[in-house]
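The block underneath contains the structure these notes are about, expressed in structure tokens.
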Amino acid sequence: MKNQYLRKRLESIEVEKGKSISKLLSEMAKTGFQGRRLGEVFQVWEEMLRDNDVTIFMGFAGSMSTTGQWKIIRWLIENRFIDVLVSTGANISEDILEAMGFSYWQGSHLVDDRELYKLRIDRFYDVYADEMEYRKMESLIAEFTETLDPDYAYSSREYLHLFGKFLNEKGVNSIIAAAYRSGVPVFSPGLVDSGYGIANIILRYKKNKRIIVDQMKDFEEIVKIGAESKKTGVIYIGGGVPKDFIQLVAVALEFVKGKDQPHEYAIQITTDSPQWGGLSGATFEEAVSWGKESPSGKNVICYCDATIALPIVVHALAERIEKRANPPDFSLLF
């Protein structure tokens, strides 16, 4: 009876000068707690990248671009370490501010926010943004949106593809500009909950013009990608709407293909806990009950701040894999 539990030996980490990040994470995978989980996240992501039959979806939640993470996502897109991005509106608007040549600033969470308000400084915990620069970013979104057809219902993917083209031509090298160049579809089912919503209000009340973004069309398009994929893998940075939007693709495929197609790989980096009952903290074991994740798949959740975990894991992947060999091409779908 004892032997069934004492089968996999834990291996302590030896300090070694010049050790690569990828080697360190491989060693961490042989330890315990969240260090082990971080190492396993790296291993599963690497396995996905070497699997020629998998389509890799990434859910990118929260307001991470303000913390210096957006160029990592851009690099992942350019090197096709992900195939589909589902993001909050914040992450794919606030990166534009810096791509335009403006800055975020290191600050403090111990500050008089009333004074910041008077100075028109916006605070993201310990990061500051100049409100006037933020408004210039929103005005750029409004400038683009004004070029669109008010009588056509755009999916967020169509809207962001066209905006990526617009930004690319202006030399604003943001996440969606890179996605446009690389042929990576980007969806944002909560697009209005960000600078995009403010840009639309600017357009509506200053130019008396509005556009239509169709969320049902969004879901139809992402399910179409799932239906054309032999198998799927998912990476969640945080949780929220991006996570469940991707999770539901697996559920929808039963109606589209007449059979289950749960995600074969699933990794998440989050600080959300499962006991509160929310989707952000829901475990992959729970997702199995919905048919979202495969019970025999490679599923790992690492409970860690993504601003710590994401740079470490991606740098380790960059050491192991220069560029994805045969990423899927969705150009014929759209």
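The values are calculated or read from the model by the stated rules, or taken from the named source; none is laboratory data. Since we're looking at a predicted model, the values are computed, not measured. Virtual Cβ from ideal backbone geometry, glycine too; neighbours counted across all protein chains shown.
Some values worked out for this structure:
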read-out	value
Flag if Val86 is within 19 Å of the chain's Cα centre (by Cα), over 30 Å from Met100 (Cβ atoms) and modelled with pLDDT of 95 or more	no
Filter result (crowded, with 17+ Cβ neighbours inside 10 Å, part of a loop (DSSP other than H, G, I, E, B) and in contact with a strand residue (DSSP E or B) (Cβ under 8 Å, 6 or more places away or on another chain)) within region 193-231	Ile211, Ser229
Selection from region 89-120 of residues that are in contact (Cβ under 8 Å) with a residue 12 or more places away in the chain and aliphatic (A, V, I, L, M)	Ala90, Ile92, Ile96, Leu97, Ala99, Met100, Val111, Leu116
Failed criterion for Ala316 (all others in (1) among the aliphatic types (A, V, I, L, M); (2) more than 28 Å from Ala227 (Cβ to Cβ); (3) part of a strand (DSSP E or B) hold)	(3)
Candidates Ile77, Ile72 - the one that is of a type in the set (A, V, I, L, M, F, W, C) and either surrounded by fewer than 22 Cβ atoms within 10 Å (Cβ to Cβ) or under 23 Å from Phe284 (Cα atoms) (or both)	Ile72
Condition met for Phe334 (of a type in the set (Phe, Trp, Tyr), more than 15 Å from Met58 (Cα to Cα) and surrounded by 18 or more Cβ atoms within 10 Å (Cβ to Cβ))	no
Residues (crowded, with 16+ Cβ neighbours inside 10 Å and either part of a helix (DSSP H, G or I) or among the hydrophobic types (A, V, I, L, M, F, W, C) (or both)) located in region 115-134	Ile121, Phe124, Val127, Ala129, Glu133, Tyr134
